[in-house]
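> Sharing a structure here in structure tokens format.
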Amino acid sequence: MTINRVRRWAAAGAGFGLALSLAACGGNVGGGSSDDAKFPGKAPITILVGQDPGGSTDLIARALAKQVSHDLGVPVTVENKPGANGALAAKELAGEKADGHTLMVYNGSLAYITPLAVAKGQAPDIADYDIVTGISQDDYVLVTSPKSGFKTVDDLARAGRQITFGTTGVGTGSQLSQALLFAQAGIKAKDVPFDGGSPTLTAVLGGQVDVGSIQLGEAIEQIKAGKLTPIVTFAEKRPSYLPDTPTAVETGRDVPVQQSRAIFAPKGTPKEVVDALRAAFQKAFQADEYKKFNEDNQLTPNEVDGEELRKQWTSNLDKYRGVIEKYQISLGGAK
């Protein structure tokens with residue numbers, strides 16, 4: 001079951017029970033009773049998600065919550081706090097008690113792209129959080145409607161007019177990947193920001209924008225159905241599920257941009273609590289049900305420990321800062 005299909009069914013009000021029953025602002029997932037609670041204290045764990053229900057991050061959180069709840073023996077609640085590419089949820093997390101009962105699925109773009117798009121000090125700093133574990137990463141793909149007639153980057157360059165490109169928001173990998181591609185290809189283009197992958201996908205399908213960079217798990221079914229034409233992926237090498245679509249790197253552009261996710265906790269969470277949480281998530285990663293979820297949604301495991309994840313994201317921030325300076329790209333209000 002892919003993320004895109006879940007989203008479509010949830011929007012239609014039928015089918016997928018998990019997305020439907022929990023697509024409001026929260027919901028308990030699994031969990032033991034107070035009699036057999038194992039996690040420190042009997043209180044449930046709340047996992048914050050800074051994106052709307054039904055999106056990639058939300059469904060990943062719910063898939064993990066179900067597994068972790070059984071292992072820790074307490075209910076796990078997923079709460080959606082959308083806004084500012086997850087910054088609102090991150091701010092709330094920072095103010096919570098550091099006892100392991102409030103966590104967040106933190107999107108990497110908020111750590112290594114948003115700081116390049118907003119004024120200094122406005123984006124959350126990952127140094128202000130403890131990191132429990134990395135989760136996974138997924139690739140972006142540049143898509144267009146078949147009606148546009150575009151099939152390659154060269155087609156876009158020959159359009160003879162300004163190209164409009166939809167993004168999933170300011171300070172996202174969707175925005176950065178396209179801005180880098182068009183700058184390097186010498187294509188005059190204008191970004192049209194939306195609030196997430198679903199409205200961006202809808203705009204591309206409807207021809208409101210020429211192209212859009214969307215996470216592959218959200219676009220794959222429309223691609224398979226022939227309703228979207230993939231132009232390039234922004235992966236470092238061709239994904240196995242799109243073997244005939246070149247990467248932007250193959251076309252001569254330096255644009256490897258991926259989304260990544262991790263579990264964050266408030267700064268100062270006791271080490272033994274972080275260790276217990278990490279062990280539970282590691283066990284969840286090994287569950288057959290969760291492995292199938294990753295496979296169905298083209299998610300690449302990145303289940304590294306917190307310090308390794310911190311190094312990865314810090315390196316990404318430095319790398320992306322370098323390329324936007326090199327190509328003189330402005331993502332927003334950064335100064």
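> Where nothing but the Cβ of Lys and Arg (+1) and of Asp and Glu (-1) is charged, how large is the charge dipole of segment 140-257 around its Cα centre, in debye to the nearest 20? It would help to have the intermediate numbers written out before the result.
Numbers: 11 positive and 11 negative charges, 61 e Å.
It comes to approximately 300 debye.
> Ok, one more. For the residue pair V192 and A43, what label-to-label distance in nm results when each label sits 7 Å from Cα along the Cα-to-beta-carbon direction?
Those two pseudo-labels are separated by 4.5 nm.
> Here is a further query. Can you tally the net charge around G169? Count Lys and Arg as +1, Asp and Glu as -1, for every other residue whose Cβ sits under 13 Å from the Cβ of G169. Display every interim value, and only then the final one.
Details: positive: none; negative: D52, D191, D195.
Computed value for this residue: -3.
> Just grab the label-to-label distance for K237 and D288, each label 7 Å out from Cα along the Cβ direction, in nm (one decimal).
Result: 2.9 nm between the two label points.
> Mind telling me which of G160, G206, G169 comes out most flexible in a GNM of the chain, alpha-carbon contacts under 10 Å?
Looking only at G160, G206, G169, the biggest GNM fluctuation is shown by G160.
> Still on this model: Please tell me the relative contact order of segment 61-145 in percent, rounded to the nearest whole number, where contacts are Cα pairs under 8 Å and at least six residues apart. Present the calculation step by step, with values, prior to reporting the outcome.
Numbers: 45 pairs, mean separation 16.2, N = 85.
About 19 percent, as a whole number.
> If you stretched the chain out fully between A127 and L88, how much longer would it get, using 0.36 nm times the residue separation minus the C-alpha to C-alpha distance? Please report the intermediate quantities before stating the final value.
Values: separation 39, 0.36 × 39 = 14.04 nm, distance 1.67 nm.
Gain on stretching A127 to L88: 12.4 nm.
> At a Förster radius of 25 Å, what calculated FRET efficiency corresponds to the Cβ-Cβ distance of D275 and S315, to the nearest 0.05?
Working: r = 25 Å, r/R0 = 0.99.
The computed FRET efficiency comes out at 0.50.
> May I ask for the net charge around A94, where only other residues with Cβ less than 12 Å from the Cβ of A94 are counted and Lys, Arg are +1 while Asp, Glu are -1?
On the way: positive: K91, K97, K267; negative: E92, E96, D125, D128, D130.
For residues surrounding A94, the net value is -2.
> Let me ask something else. Excluding ligands, DNA and RNA, what is the solvent-accessible area per residue of segment 28-148 at a probe of 1.4 Å, expressed in Å²? Intermediate results must be reported in sequence, preceding the final value.
On the way: 4120 Å² over 121 residues.
Result: 34 Å² of accessible area for each residue.
> Same structure, new question: Return the carbon/sulfur percentage of the accessible area of the chain, one whole number, probe 1.4 Å, all protein chains in place.
Details: 7040 of 13940 Å².
After summing per-atom areas, the C and S share lands at 51 percent.
The values are calculated or read from the model by the stated rules, or taken from the named source; none is laboratory data. Just so we're clear, the structure is a prediction, and the values are computed from it rather than from any experiment. For neighbour counting, all protein chains shown are included, and Cβ atoms are generated from backbone atoms with ideal geometry for every residue, glycine included. These area figures cover heavy atoms from the full protein model, side chains too; ligands, DNA and RNA do not enter into them. Shrake-Rupley method; radii C 1.70, N 1.55, O 1.52, S 1.80 Å.
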